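Structure record follows, encoded as structure tokens.
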Amino acid sequence: MLPLVFLADTPTLLAGSGPAFDKRRALLEGAGLRHLTFAPGRPDVSLLQGQRLVFGAGLPSECAEWLAAAARARRITVNIEDVPHLCDVHVPALVRRGDLLLTVSTGGRAPALAAALRARLESAFGPEWETRLDELAAQRQRLRAAGARPAEVIDALGAQIDGAGWLGAARALGTRGA
């Protein structure tokens, strides 16, 4: 497995229906993707033009198989929800705090474990982490503008994180300080 993050400008198609489609739509919109196309049911093949990522959710098997084959024939990365053999990628369990993204994957082998770990991460990394990330990003920008080398920036931000005690909750998850 190789985790990747698709950027907001990635042209993405979601095809499907029902609760699975609605759930996947909320996930994609929550990710801030700006070039989303939605197709109820089986999409017209013309909708695949220009897409870089295709999701199918709540599709009948014949339609899911067609969508996966059509996407792959056009070299488009595809995910058909809950049908691993039709997927090039899968979506891990996510915890999003602004631009901070924490993920858990079991490669589809133990979704209950991924869900349990996601719940632990959600409680350990609350909404305040969005602001913390903003603080660190601003400090990083100031240091870089002042000419600090990458190693100096990392050291300074690490000291800020440690000094604020922000990872105390992570230690409760079983991580150890170096």
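Of note:
- GLY41 surrounded by 12 or more Cβ atoms within 10 Å (Cβ to Cβ), on the phi > 0 side of the Ramachandran plot and touching an Asp or Glu at 6+ places or on another chain (Cβ under 8 Å): no
- Within region 92-101, at least one residue is among the small types (Gly, Ala, Ser) and not in a strand (DSSP E or B).
- Of all residues in region 50-87, those satisfying the criterion of being touching a strand residue (DSSP E or B) at 6+ places or on another chain (Cβ under 9 Å), surrounded by fewer than 18 Cβ atoms within 10 Å (Cβ to Cβ) and modelled with pLDDT under 95 are ASP82, VAL83.
- Residue list for region 1-24, filter: surrounded by 12 or more Cβ atoms within 10 Å (Cβ to Cβ) and either part of a loop (DSSP other than H, G, I, E, B) or under 13 Å from the mean Cα position of the chain (by Cα) (or both): PHE6, THR10, PRO11, SER17, ARG24
- Residue match in region 107-124 (condition: surrounded by 14 or more Cβ atoms within 10 Å (Cβ to Cβ), touching a residue at least 12 places away in the same chain (Cβ under 8 Å), part of a strand (DSSP E or B) and not assigned by TED's automatic domain parsing to the domain that holds LEU47): no
- LEU33 being outside any loop (DSSP other than H, G, I, E, B) and either at pLDDT 95 or above or not aromatic (Phe, Trp, Tyr) (or both): no
- Filtering region 140-163 for residues that are touching a residue at least 40 places away in the same chain (Cβ under 8 Å) and either under 30 Å from PHE38 (Cβ atoms) or not aromatic (Phe, Trp, Tyr) (or both) leaves an empty set.
- Selection within region 136-149 - assigned to a helix (DSSP H, G or I) and either surrounded by 15 or more Cβ atoms within 10 Å (Cβ to Cβ) or of a type in the set (Lys, Arg) (or both): LEU136, ARG140, ARG142, LEU143, ARG144
- Residue within region 150-160 that is surrounded by 16 or more Cβ atoms within 10 Å (Cβ to Cβ), under 18 Å from the mean Cα position of the chain (by Cα) and modelled with pLDDT of 90 or more present: no
The values are calculated or read from the model by the stated rules, or taken from the named source; none is laboratory data. Every value quoted in this text rests on a predicted model; they were computed, and no experiment measured them. Cβ atoms come from the backbone with ideal geometry, glycine included; neighbour counts cover every protein chain shown.
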